[in-house]
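The values are calculated or read from the model by the stated rules, or taken from the named source; none is laboratory data. Everything quoted here is computed from the prediction, not taken from an experiment. Positions of Cβ are backbone-derived with ideal geometry, glycine not excepted, and every protein chain shown enters the neighbour counts.
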Amino acid sequence: MNFTKDDVYYFNQGKLYDSYRIFGAHLEKNELGEILGTRFTVYAPHAKEVNVLGEFNDYQAWVHNLTKVDSSGIWSILVKDALEWHMYKYQIKTQDDREIYKSDPYAFFSAARPETMSKIYDLEGYNWNDGLYMEDRNKERSYENQMSIYEVHLGTWMVKPDGTFHKFNELVDLLIPYILENGFTHVELMPVIEHPLDQSWGYQGTGYYSATSRFGVPKDLMYFVDQCHQNNVKVILDWVPGHICKDNHGLYMFDGEPLYEYNEEWKRENIVWGTANLDLGKGEVQSFLISNALFWMKNFHIDGFRIDAVSNLIYYLGNSNHGVNEGALTFIRNLSTQIFKYYDNALLIAEDSTAFPKVTHPIELGGLGFNYKWNMGWMNDTLEYFEKDPVYRKFHHHEITFGLTYAFSENYVLPLSHDEVVHGKKSLVNKMPGDYWQKFANYRALMGLFYTHPGKTLLFMGGEFAQMHEWKDHTELDWNLLEYPLHKSAQLFNKDMNLVVKHHASLHQLDGNEEGFRWIDSNNSDMSVFSFVRYAKDKNDFVIVVFNMTPIVHHNFRIGVPKKGKYHEIINSDRAIYGGSNLYNGEHMFTEDVSYNDFDQSLQMVLSPLSITIIKNGD
């Protein structure tokens, strides 16, 4: 037997953080590495009988009956054959004499859809080559570094000419060079756990430990992550601990009764998404999920997780009227504790739309233990502002300035994610008002604010080249648009903005610290002009960012600056290379001893139409 009474106790208590070592299908080996057999172990406390069927017994469930080895409901059997790559399922006989067939919750691999069986797979044997990266990662201070995340749905980023998916190992030569060329530092993969339907995006999972077979075998994913790391690209997984798919072969009602999900129907049934909510207060569920996070980090070298729908974890059904879900909060804190116990510089990012306090604060200071949180308020306010005709923006000036009243209360990621470009919401560029030229000018101003506002950044694929149509979950991105100058110029602008952020510490070093930001003028609503300073730790290292949110050009526009001397333009979104009218500050600008905007020094500059301009002191 490969587990102890202590293992069972900690599993039930929610404290067995390597539960995948016990459960699932494992090749048992002797000291020489010779395979002695395959052990199947499953947790099914309500079952009357459990059998395993597969290719190895001609799918005859009666051949291999699991033994109930513990009163808590653990069943196990050793089949004395080496069964790697064999498909299998559990037949579970319920207390009311039904027979149900389930894939393995702890399976390391799954048969390709539409098949629903698990596959026996040996994770051992991959030779990692990212040792130097892993050493450097352990020394990193992520809060002070640039974090530009490229959010990717692997099934629709790019497909083969015949419409089939690229495998993980094939994407190495396609996606990684693209990420590097465009200046992104991180890639966030939408869920790559096994799931039944391509169009479900991976959020309705059936195999939490199984890298989806759509894109190859698990070691292909290891190779992809390894190659990302060798190119200094960090890999974040989109992770869904809140709810599960209700397909018959999945976790739902696993042994005929609620097991992983809530017992109470009103807590369990997520009617909006057609899913079932996991009961994160159950010890066995905590062991299952926390082990899963550590599993991906240990076996696949994943750098961190974006946690989906945290509002639905904090409050029952995401509704504060139902009250705080204390079991889920305990789970989140335990998850954070265990991740940071082993991986100091992991990323644990909450997609949270609530105002729940201290989401990114340490547990010992009363926080939930995340180290980043999506700034959903910024995203909503900013997009609402940009969707308005410039003539009306002066009445909505606060939609840009309000975010700075709370920008430093948490460590934020600014998300322009997949959720904002689906279901009739339009693509980023198509949200913009005006004619074709103005749409792109507005889009560039939006992206300029995105990169210069305090906070790290996340951009969904296609947003970097201003895809016109919203994201389609069944076809690849509209790569043909890069044949058109405005889209190619949009891609160039985003690439250059990433480079500007990278090479100027003032635009990333103090993202979560109010000492890194100062308004120059936040009140010029009549002209719809915004201006601010971004500082590095060294206060002599700063950039000035100015936005003109209307098509009106302003010549000789005066602006206060922190330091006397000579200034030059770093980037201007109205340059011709970005598709603009090419009205920019081409020569050095010199300060005058004229007090303005509460500064002793000021200078005059030209404000291009619908633009962002960044200037810096010195040559």
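Considering the conditions (1) more than 20 Å from Asn248 (Cα to Cα); (2) touching a residue at least 40 places away in the same chain (Cβ under 8 Å), Arg21 is excluded by exactly one of them, (2). Inside the stretch 224-248, residues that are outside any loop (DSSP other than H, G, I, E, B) and crowded, with 19+ Cβ neighbours inside 10 Å make up a count of 14.
Here Ala112 meets each of (1) in contact with a helix residue (DSSP H, G or I) (Cβ under 6 Å, 6 or more places away or on another chain); (2) buried (at least 19 other Cβ atoms within 10 Å of the Cβ); (3) of a type in the set (A, V, I, L, M) with one exception, condition (2). Taking the criterion of being surrounded by 16 or more Cβ atoms within 10 Å (Cβ to Cβ), touching a Ser or Thr at 6+ places or on another chain (Cβ under 8 Å) and within 27 Å of Asp598 (Cβ to Cβ), the residues of the stretch 465-521 that qualify are Val501, Leu507, Gly516, Ile520, Asp521. Restricting attention to the stretch 360-381, the residues that are within 20 Å of Phe450 (Cα to Cα) and either hydrophobic (A, V, I, L, M, F, W, C) or surrounded by fewer than 20 Cβ atoms within 10 Å (Cβ to Cβ) (or both) total 7. You will find that of Val553, Val543, Val594, Val561, the residue that is within 23 Å of Arg393 (Cβ to Cβ), of a type outside the set (S, T, N, Q) and in contact with a Ser or Thr (Cβ under 9 Å, 6 or more places away or on another chain) is Val553 and no other.
For beta carbons closer than 7 Å, sequence separation of 6+ or different chains, a first residue in the stretch 578-592 that is more than 14 Å from Ser611 (Cβ to Cβ) and a second that is crowded, with 18+ Cβ neighbours inside 10 Å and of a type in the set (Lys, Arg), there are no qualifying pairs. Restricting attention to the stretch 75-109, the residues that are farther than 21 Å from Glu261 by Cα, touching a Leu at 6+ places or on another chain (Cβ under 7 Å) and buried (at least 24 other Cβ atoms within 10 Å of the Cβ) add up to 1.
Counting only strands (runs of 3 or more DSSP E) that sit completely within the stretch 106-213, those holding 1 or more residues that are of a type in the set (Phe, Trp, Tyr) correspond to 148-152, 207-211. For the stretch 215-239, enumerate the residues that are touching a residue at least 60 places away in the same chain (Cβ under 8 Å) and either hydroxyl-bearing (Ser, Thr, Tyr) or in contact with a His (Cβ under 9 Å, 6 or more places away or on another chain) (or both). Result: Phe215, Met222, Tyr223, Val225, Asp226, His229, Lys234, Val235, Ile236.
Within the stretch 185-194, none of the residues are touching a residue at least 60 places away in the same chain (Cβ under 8 Å), closer than 30 Å to Lys102 by Cα and touching a Cys at 6+ places or on another chain (Cβ under 7 Å).
Taking the numbered list (1) modelled with pLDDT under 95; (2) touching a strand residue (DSSP E or B) at 6+ places or on another chain (Cβ under 8 Å); (3) of a type outside the set (Gly, Ala, Ser) in turn, Trp239 passes all entries but (1). Among what's in the stretch 137-156 and is of a type outside the set (S, T, N, Q) and surrounded by fewer than 20 Cβ atoms within 10 Å (Cβ to Cβ), pick the residue that is farthest from Gly216 (Cα to Cα). So, considering only residues that are of a type outside the set (S, T, N, Q) and surrounded by fewer than 20 Cβ atoms within 10 Å (Cβ to Cβ), the one farthest from Gly216 (Cα to Cα) is Glu144. In the stretch 566-573 there is at least one residue matching the filter, namely being surrounded by fewer than 16 Cβ atoms within 10 Å (Cβ to Cβ) and not hydrophobic (A, V, I, L, M, F, W, C).
Answer with yes or no whether Gly207 is at pLDDT 95 or above, of a type in the set (Gly, Ala, Ser), more than 30 Å from Met134 (Cβ to Cβ) and touching a strand residue (DSSP E or B) at 6+ places or on another chain (Cβ under 7 Å). No: the conditions fail for Gly207.
Here Ser72 fulfils each of the conditions (1) out of contact with any strand residue (DSSP E or B) (no Cβ under 6 Å at 6 or more places or on another chain); (2) farther than 14 Å from Gly256 by Cβ; (3) modelled with pLDDT of 95 or more apart from (3).
Taken over the stretch 228-285, the criterion of being more than 27 Å from Val52 (Cα to Cα) and basic (Lys, Arg) is satisfied by Lys234, Lys267, Arg268. Among the residues of the stretch 592-612, those that are in contact with a Phe, Trp or Tyr (Cβ under 8 Å, 6 or more places away or on another chain) and crowded, with 20+ Cβ neighbours inside 10 Å comprise Leu603, Met605, Val606, Leu607, Ser608, Ser611, Ile612.
Among the residues that make up the stretch 375-383, is at least one of them more than 27 Å from Asn263 (Cα to Cα), under 20 Å from the mean Cα position of the chain (by Cα) and outside any helix (DSSP H, G or I)? The answer is yes, given that some residue of the stretch 375-383 is more than 27 Å from Asn263 (Cα to Cα), under 20 Å from the mean Cα position of the chain (by Cα) and outside any helix (DSSP H, G or I).
Being modelled with pLDDT of 95 or more, in contact with a strand residue (DSSP E or B) (Cβ under 9 Å, 6 or more places away or on another chain) and closer than 24 Å to Ser200 by Cα is the requirement here; does Phe517 meet it?
Working: modelled with pLDDT of 95 or more: yes; in contact with a strand residue (DSSP E or B) (Cβ under 9 Å, 6 or more places away or on another chain): yes; closer than 24 Å to Ser200 by Cα: no.
Answer is no for this residue.
Among residues of the stretch 379-391 that are free of Cβ contacts under 8 Å to residues at least 60 places away in the same chain, those with a beta-carbon under 8 Å from a residue that is of a type in the set (Gly, Ala, Ser) and surrounded by fewer than 19 Cβ atoms within 10 Å (Cβ to Cβ) at least six positions away or on a different chain give the pairs Asp389/Gly434.
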